[in-house]
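Since the structure comes first, as C-alpha cells, the remarks are kept for the end.
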Amino acid sequence: MQQIATTYPEHARAIWKLGIPLILSNMAQFAIHMTDTLMLGWYDVTALAAATIATSLFFVVFIVGAGFAQAITPLVAAANEQNDQVQVRRVTRMGLWLSILYGVIVMLPFFWAEDILIAIGQAPIVAAEAHLYLQIVIWGMIPTLLVMALKSFLVALEHTAFILWATVGTAVLNGLVNYALIFGNWGAPELGIEGAAIASVMVNLLSVALLVGYIRRKLPRYELFRNFHRPDSEIMRRVYLLGWPIGLTSLAEGGLFSASAIMMGWIGPIELAAHGIAIQLASLTFMVHIGFSQAATVRAGRALGRRDEQGLRRGGITAIGLSAIYAAVTSAIFLLIPGLLVSVFIDPAEPDRLRLIEIGVLLVMIAGLFQLVDGLQVVVLGLLRGVQDTTVPMVMAAFSYWGVGLPASYLLAFHWGLGGVGIWLGLVLGLLVAAMLLMSRFWGRSVRITPAQG
C-alpha cells in the first residue's frame, strides 16, 4: 500500500510525481498528431485536407468510446486502495470488453465514409482520399481504445513512467514510418495518405503489445488476462454507467471547438488560420492541465476507496492550486509575447503574414484568459470522475458548452460585430460557467464521503 498524503506539501508531491509522466506522455501523444499534420502538409495539400476531415470524424467516434476506458481509472484506484485485486481485474476486464464491443459496432458506418463525407458537403476529391485513409485507419479503432483502457489501468495503479516511455517510443516510430511510407523513403513504396494510415495502425498495435507485455511482466498479481473470455454483467453495467457520461462530456467539449472553427470559417480564411494557430498553442499548454486532471482522478479515487474526506478535500485544493499556478504562468506568456508565439507558425514569405499576426495576437491574448478557466474546469472534472460522479457533471458541462458558450460566441461574433474575438470570448464564457457549476457540484456535494464502518 502506498503512503497516504496528509499535509498539503505531501499532496503536492504526490500529484506532481504522478502528473509529470502523464503530462509528458500527453505532449508526446500531441506530437504524434503534429507529425502527421506536418508530413502530410509537406506531401500534398489535398492529402492534408482529407486526413484532417478523416481524423476529425474518427476522433468524434473514438472520444465517446474512450469514456469506457477512462471509467477504469477511478474504479481501479478505489478498488486498489481497498487491496481488492479481484475487483481491479473485473473492472479492467469489462472496460476492455466494452472498448472492443464499441469498436466493432462503430467500425461499420466507416465502410461508407465517402458517401457520408459527400453528404455533409465535402468536395468529392477530398472525400475520396479521406475514404482511402479511413478504410485503413478504422482497423486501428479497437487497438486505440484498448491502448486507452490499458493506460487507464496503469494510471490508476500509478505506473506512469512506462506510459511515458512507451508513448515517446511510439511517437518516434510513428514519425519514422510516416517518413518512409508517405514519401517512399528508404526503399518503401510511396503511399501518401494511405502510408499515414498504415503508420497509425502499426503504432497502435505495437502500443497494445507493449502495454500487455508490461502488465503481464510487472503486474502479474492482478492476473488481468486470466479467464478474459468470461462476461461479468454486474461490473460491465457499472463501467458502462460511469463511462458513457465521460464520453459524452468529452464529445460536447470537442464539439464546441469544432463548432467554433466552423464559425471562424464563416468570417474568412485568414481568421480561420489565425484561430488554428491559437488553438494549437492553447492545446499544447492544455496537455499539462489534462495531466493534472488525470492525477486528480487517481488521487480522488484512492481517497474514496479509503473513505478519506479530508484527504479528498486537501488533494482537491492542491490539484486545483497547481493547475492555477501553471495557468497563471502560461497566461502571462500569452499576454506578454503573443506576436512572437504567432509568428513561429507563419512562413516569412506569406503574403498575408501581417494580417495573420494581427488577428492571431488578439486571439492568443484571449487564450491567456482561456487558460485559467479551461484548466480549472478540466481539473474539477477529474476530481468528480475520481469520486465516480459523472452523469450530473455531464449535464452541467454540456449546458455550459452548448447552452452558454456556443450561443455567446455566435452573438458576440455576428450580432455585436466582434468577429473572431467574439468567438473566443464566447468560449471563455462557456468554460467559465462550466468551471463554476462543476466547482459547486464537487465542493457542495461530491466531496462528502461517508466514513468507513469499523
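The values are calculated or read from the model by the stated rules, or taken from the named source; none is laboratory data. In this text, all values refer to a predicted model and were calculated from it rather than measured experimentally. As a convention, Cβ positions derive from the backbone with ideal geometry for all residues, glycine included, and neighbour counts pool all protein chains shown. Side chains included, ligands, DNA and RNA excluded: accessible areas come from the protein's heavy atoms. Shrake-Rupley method; radii C 1.70, N 1.55, O 1.52, S 1.80 Å.
Values as computed for the structure displayed
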{"read-out": "Hits in the range 345-372 - residues which are among the β-branched types (V, I, T) and closer than 19 Å to F286 by Cα", "value": "V361, V364, I366"}
{"read-out": "Positions within the range 337-365 being among the aliphatic types (A, V, I, L, M), in a helix (DSSP H, G or I) and either out of contact with any helix residue (DSSP H, G or I) (no Cβ under 9 Å at 6 or more places or on another chain) or surrounded by fewer than 23 Cβ atoms within 10 Å (Cβ to Cβ) (or both), in sequence order", "value": "L340, L341, L354, L356, I357, V361, L362, M365"}
{"read-out": "Residue count, the range 267-303 (criterion: farther than 25 Å from Y326 by Cα and free of Cβ contacts under 8 Å to residues at least 40 places away in the same chain)", "value": "3"}
{"read-out": "Residue ID - most open to solvent (accessible area, probe 1.4 Å), chosen from residues in the range 35-77 that are among the aromatic types (F, W, Y) and farther than 22 Å from F257 by Cα", "value": "W42"}
{"read-out": "Any hit, the range 241-249, residues being open to solvent by less than 60 Å² (accessible area, probe 1.4 Å) and either of a type in the set (K, R) or not in a helix (DSSP H, G or I) (or both)", "value": "no"}
{"read-out": "Selected residue (only one of I32, I23, I15 is under 16 Å from N174 (Cα atoms), among the β-branched types (V, I, T), open to solvent by less than 30 Å² (accessible area, probe 1.4 Å) and under 22 Å from the mean Cα position of the chain (by Cα))", "value": "I32"}
{"read-out": "Selected residue (only one of A332, A296, A278, A327 is in a helix (DSSP H, G or I), farther than 30 Å from A156 by Cα, within 19 Å of the chain's Cα centre (by Cα) and not acidic (D, E))", "value": "A278"}
{"read-out": "Qualifying position, being of a type outside the set (S, T, N, Q), part of a helix (DSSP H, G or I) and touching a residue at least 24 places away in the same chain (Cβ under 8 Å), among A398, A408", "value": "A398"}
{"read-out": "Scan of the range 253-272 for residues that are of a type in the set (A, V, I, L, M, F, W, C) and surrounded by 20 or more Cβ atoms within 10 Å (Cβ to Cβ), ordered by number", "value": "L256, M263, M264"}
{"read-out": "Positions within the range 424-448 being open to solvent by less than 20 Å² (accessible area, probe 1.4 Å), out of contact with any Phe, Trp or Tyr (no Cβ under 8 Å at 6 or more places or on another chain) and more than 16 Å from G375 (Cα to Cα), in sequence order", "value": "S446, V447"}
